[in-house]
1. List, please: which pairs have Cβ atoms under 9 Å, are six or more places apart or on different chains, and start with a residue in segment 29-56 that is free of Cβ contacts under 8 Å to residues at least 12 places away in the same chain and end with one that is loosely packed, with under 13 Cβ neighbours inside 10 Å?
2. Counting only residues that are in a loop (DSSP other than H, G, I, E, B) and among the polar types (S, T, N, Q), which one in segment 133-183 is most open to solvent (accessible area, probe 1.4 Å)?
3. Could you look through segment 110-128, keep only residues that are in a loop (DSSP other than H, G, I, E, B) and of a type in the set (D, E, K, R), and pick out the one that is farthest from GLU231 (Cα to Cα)?
4. Kindly list the number of the only condition in (1) β-branched (Val, Ile, Thr); (2) in a helix (DSSP H, G or I); (3) in contact with a Phe, Trp or Tyr (Cβ under 8 Å, 6 or more places away or on another chain) that fails for VAL222.
5. Could you list, in sequence order, all residues of segment 1-29 that are open to solvent by 100 Å² or more (accessible area, probe 1.4 Å), at pLDDT below 85 and of a type outside the set (Lys, Arg)?
6. Restricting segment 188-200 to residues that are hydrophobic (A, V, I, L, M, F, W, C) and touching a residue at least 40 places away in the same chain (Cβ under 8 Å), which is surrounded by the fewest Cβ atoms within 10 Å (Cβ to Cβ)?
7. What number of residues within segment 225-256 satisfy the criterion of being hydrophobic (A, V, I, L, M, F, W, C), open to solvent by 30 Å² or more (accessible area, probe 1.4 Å), farther than 22 Å from GLY144 by Cα and part of a helix (DSSP H, G or I)?
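The values are calculated or read from the model by the stated rules, or taken from the named source; none is laboratory data. Worth saying up front: this structure is predicted, and the values here are computed from it rather than measured. With ideal geometry, Cβ positions are generated from the backbone for all residues, glycine too; neighbour counts draw on all protein chains shown. For accessibility, only protein heavy atoms count, side chains too; no ligands or nucleic acids. Shrake-Rupley method; radii C 1.70, N 1.55, O 1.52, S 1.80 Å.
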Amino acid sequence: ILNGNWMRGFNLFALCSILILCGGAYLFMSVLRYFLKLISSFTGRRGETICRLLGSVMQYAVLIAVVYFSFSYLGFSPGAIVASVGVTALVVTLGARDMVTDMFAGIFIVLEDQFQVGDIVSIEDYRGVVKEIGIRSVKILGLGGDIRIFSNSAIRNVINKSHYMSTCYVDIRIASTEPFSHVKEIMDRELPAIGARCDKIIGTPVFIGVTNLAGFPGTITVGISAKCKEEDFLQVSRTLNSELVLLCEREHIEVR
């Protein structure tokens, strides 16, 4: 079997050779994944992204090689099959055109540094953490723990929320009978203390002022903003809301 001195075709030697080929391919991919994981552990998120993409490319390449040599062991000529069917017809039949489009799209995502593994992105209003960038698709882990898979060529209008600080906005609707100068004075005095208590807030929350006069009758809407990292956005939003409710209760500000 190892020397190859046997007749190609449907026989025990061919089956054993295919099993040896599959075992070797599996061993090769296992070792490759180990080294790629080792390399990505000290190269940062961009290195991890490139290693995952390279692993995905090699997986497809190894699969194609296994299929090619398996046909050869069984007595078929892959080259003759491709020539008889026609390259164009084979590409269309197997859907390879879409696969090639996804492959190039995935390569450009990495080369243009649109986003990396670990970034928080928004794609088609679906927000989550990039878990994997493959040769054909991108896997996004959503807030609910679900993983949504996007084809690379179908990704449009990506919003990468990890490159810069995010801004958390909170609106409070208060009674219009409350003196605005009094509300502003309280907010300017207490917001630095709120920022100091929440270590996820970067800097000091800012009192924006009146954001809406045409809301509920007898009310005005005032806004507060705070800077934070995108991964802390939800926690900062909840903390800021809670702190402002407690502040309004202490200062007897009527919230509508």
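1. Once the first residue is free of Cβ contacts under 8 Å to residues at least 12 places away in the same chain and sits in segment 29-56, its partners that are loosely packed, with under 13 Cβ neighbours inside 10 Å give GLY47/SER41.
2. Per the criteria, the residue is ASN157.
3. GLU112
4. It fails just one condition, (2).
5. Within segment 1-29, LEU2, ASN3, ASN5, MET7, PHE10, LEU12, PHE13 meet the criteria.
6. Filtering segment 188-200 for residues that are hydrophobic (A, V, I, L, M, F, W, C) and touching a residue at least 40 places away in the same chain (Cβ under 8 Å), the one surrounded by the fewest Cβ atoms within 10 Å (Cβ to Cβ) comes out as CYS198.
7. The qualifying residues number 2.
Matching residues to (1) more than 17 Å from GLY195 (Cβ to Cβ); (2) in contact with a Gly (Cβ under 9 Å, 6 or more places away or on another chain):
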| residue | (1), (2) |
| --- | --- |
| GLY218 | yes, no |
| GLY223 | no, yes |
| LYS227 | no, yes |
| GLU230 | yes, no |
| PHE233 | no, no |
| VAL236 | no, no |
| GLU243 | no, no |
| LEU247 | no, no |
| VAL255 | yes, no |
